[in-house]
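Encoded as structure tokens, the structure appears first; notes follow it.
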Amino acid sequence: MEAAEIGGALLFALAAAAALFAAVSTGAIDFSRPLAVGGRVDFQEAISWFIGVFDGSSSSSAAGGVSLAEVYELWVRVRGRVIAPALQVAVWACMVMSVMLVVEALYNCVVSLGVKAVGWRPEWRFKWEPLAGDDEEKGGAHYPVVLVQIPMYNELEVYKLSIGAACELQWPKDRIIVQVLDDSTDPFIKNLVELECESWAVKGLNIKYATRSSRKGFKAGALKKGMEYDYAKQCEYVAIFDADFQPEPDFLLRTVPFFVHNPEVALVQARWSFVNDNASLLTRVQKMFFDYHFKVEQEAGSATFSFFSFNGTAGVWRAAAIKEAGGWKDRTTVEDMDLAVRATLKGWKFVYVGDIRVKSELPSTYKAYCRQQFRWSCGGAHLFRKVAKDILTAKDVSLIKKFHMLYSFFLVRRVVAPTVACILYNIILPISVMIPELFLPIWGIAYIPTVLLVVTAIRHPKNLHILPFWILFESVMTMHRMRAALSGLFELSEFNEWVVTKKTGNNFEDNEVPLLQKTRKRLRDRVNLREIVFSAFLFFCASYNLVFPGKTSYYFNLYLQGLAFVCLGLNFTGTCNCCQ
């Protein structure tokens with residue numbers, strides 16, 4: 001057990017203790033209110049009443065019908081004795097999950113701010129020295145052989161960018177192999193990619209073009225097949241870049257030394273940067289999401305436990321670590337996270353280098369981003385189901401790291417975060433305006449969200465003006481992430497679905513390559529029905545609260561949430577000139 005792991009555990013315990021102390025000292029937490037509201041409802045009486053309504057034999061009305069007063073009286077009884085107690089249980093469950101979430105966020109934020117304050121760098125923990133010897137252009141036996149893998153699937157708009165960037169990496173030409181793993185199903189695109197590889201081969205680059213007869217296993221299957229070639233087995237390290245990623249020429253010179261001088265390191269992960277982050281409001285809020293992931297979550301995991309999730313691209317692996325971990329597997333839609341977990345359980349360590357950035361492209365449409373997030377959320381929850389037992393029984397991992405992996409990395413981030421955000425703020429809170437018997441603690445629906453907002457904003461001071469849009473956008477995305485998490489956790493429909501994110505090639509400057517012919521979109525492709533239906537629900541609850549305010553007034557927030565659902569339901573993502 002390392003000092004960094006012990007320090008991480010102490011910081012987590014300190015964050016939990018501080019949250020508990022603050023709640024108790026301010027009196028914010030009060031569990032003295034009864035969990036159930038009212039007494040036992042007489043179900044037999046209620047059923048008899050409904051039968052009387054339908055057969056006209058109700059004796060409660062002189063005219064043989066049912067008065068509005070009787071209907072309202074029954075609603076009040078059912079609401080107070082059945083609906084409110086059931087929802088109250090859900091409220092307290094959400095409160096527990098909210099506390100779990102805020103403690104996790106505070107811990108990551110404290111570590112991230114501490115790393116920034118002291119100027120901590122990975123070189124403090126892992127030895128790094130530039131590779132000495134002959135000039136890399138002349139070649140040198142002291143340089144390890146590196147395999148650069150580029151998996152792609154019908155990447156017409158960006159294939160030239162990724163292949164060109166990989167071929168321009170500064171490394172001895174006889175010590176690097178660029179492998180293009182093309183799973184394209186369009187013959188025209190396959191031919192273009194192959195011609196591009198041949199053009200670089202003529203220039204003296206050691207580039208290999210590989211295809212498969214089927215797409216079995218999707219990206220994991222392609223990467224696994226790529227490692228089976230004889231030339232790939234001779235490579236010590238494997239750099240992986242998706243088709244829209246463009247590494248800087250010195251990428252290998254800055255990452256490979258971590259492996260050479262630290263035999264326990266299995267992965268060096270770089271940070272993503274984006275060529276289209278200012279294209280629309282959609283890409284701006286996406287950038288906030290990814291910046292938090294890299295600045296806070298990846299930084300905290302690397303600095304304390306040397307464990308975080310491989311992002312599937314813009315990283316370098318030690319080939320021996322991949323082999324020892326069991327190679328690439330296609331049992332989930334997050335093959336990158338799967339390999340990272342299995343390698344960690346074998347005792348390997350990871351390094352995140354935030355100073356190294358690799359250009360990429362954000363999804364430019366709302367549907368593409370939803371598919372991407374669904375696959376990641378669903379795959380993460382599904383992997384939790386698969387590896388929980390393996391983590392518990394692992395022998396090469398400390399107890400503290402096991403707790404970090406099971407509780408923080410999987411349970412809180414992959415299951416709790418999407419579930420509580422959607423259920424509490426998109427379902428329970430709107431419904432509460434029609435059920436006055438329901439008790440919502442102010443610390444759970446106001447204080448905790450404020451803390452989470454501050455934790456997010458403190459690492460994004462330049463994006464404060466986008467925060468309101470980010471909050472509303474994330475409110476909509478919680479619906480998709482919760483559905484995905486539940487699908488993966490319980491292996492429901494679509495849990496193993498893989499849809500490749502469509503690229504647009506925003507940085508594409510060569511107009512010689514023709515684009516695919518655009519097709520007309522059907523109505524169901526232009527309108528997102530889930531968002532429209534949910535917006536109707538929120539507008540109804542907001543209007544009810546406006547007409548019958550009762551003890552609470554949430555209608556302003558609910559109207560804004562409903563408006564966000566409508567905008568994304570109609571695929572408006574801030575692409576007009578005023579949002580540029």
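The values are calculated or read from the model by the stated rules, or taken from the named source; none is laboratory data. Remember, predicted model here, so these are calculated numbers, not experimental data. Virtual Cβ from ideal backbone geometry, glycine too; neighbours counted across all protein chains shown. Accessible surface areas use protein heavy atoms only, side chains included; no ligands, DNA or RNA. Shrake-Rupley method; radii C 1.70, N 1.55, O 1.52, S 1.80 Å.
Numbers for the structure displayed
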| read-out | value |
| --- | --- |
| Considering residues of segment 85-102 that are among the β-branched types (Val, Ile, Thr) and open to solvent by 30 Å² or more (accessible area, probe 1.4 Å) only, the residue nearest to Ser408 (Cα to Cα) | Val99 |
| All positions within segment 404-435 that are free of Cβ contacts under 8 Å to residues at least 24 places away in the same chain and not aliphatic (A, V, I, L, M) | Tyr407 |
| Close pairs (8 angstrom Cβ cut-off, 6 or more residues apart or separate chains): in a helix (DSSP H, G or I) in segment 260-284, among the acidic types (Asp, Glu) anywhere | His261/Glu129; Thr283/Asp277; Arg284/Asp277 |
| Helices (runs of 4 or more DSSP H) contained entirely in segment 1-94, each with at least 3 residues that are at pLDDT 80 or above and under 41 Å from the mean Cα position of the chain (by Cα) | 3-26 |
| Top-ranked residue in segment 196-232 [being over 18 Å from Pro151 (Cβ atoms) and charged (D, E, K, R); ranked as most open to solvent (accessible area, probe 1.4 Å)] | Lys203 |
| Checklist (1) at pLDDT 75 or above; (2) open to solvent by 80 Å² or more (accessible area, probe 1.4 Å) applied to Arg524, failing item | (1) |
| Any hit, segment 366-375, residues being touching a residue at least 12 places away in the same chain (Cβ under 8 Å) and more than 21 Å from Thr332 (Cα to Cα) | yes |
| Enumerated helices (runs of 4 or more DSSP H) restricted to segment 317-397, each holding at least 2 residues that are hydroxyl-bearing (Ser, Thr, Tyr) | 366-393 |
| Yes/no for Trp171 being more than 28 Å from the chain's Cα centre (by Cα) and crowded, with 23+ Cβ neighbours inside 10 Å | yes |
| Answer residue from segment 236-259, given it is of a type outside the set (D, E, K, R) and in a helix (DSSP H, G or I) and is nearest to Ile177 (Cα to Cα) among those | Leu252 |
| Which listed residue, of Val158, Val193, is within 16 Å of Arg212 (Cα to Cα), in contact with an Asp or Glu (Cβ under 8 Å, 6 or more places away or on another chain) and of a type in the set (A, V, I, L, M) | Val193 |
| Odd one out for Leu438, checked against (1) in contact (Cβ under 8 Å) with a residue 60 or more places away in the chain; (2) assigned to a helix (DSSP H, G or I); (3) among the aliphatic types (A, V, I, L, M) | (2) |
| Selection within segment 447-462 - part of a helix (DSSP H, G or I) and open to solvent by less than 30 Å² (accessible area, probe 1.4 Å) | Ile448, Val455, Thr456, Ala457 |
| Which numbered condition Ser112 misses (of (1) without any contact (Cβ under 8 Å) to a residue 40 or more places away in the chain; (2) touching a helix residue (DSSP H, G or I) at 6+ places or on another chain (Cβ under 7 Å); (3) within 30 Å of Leu11 (Cα to Cα)) | (1) |
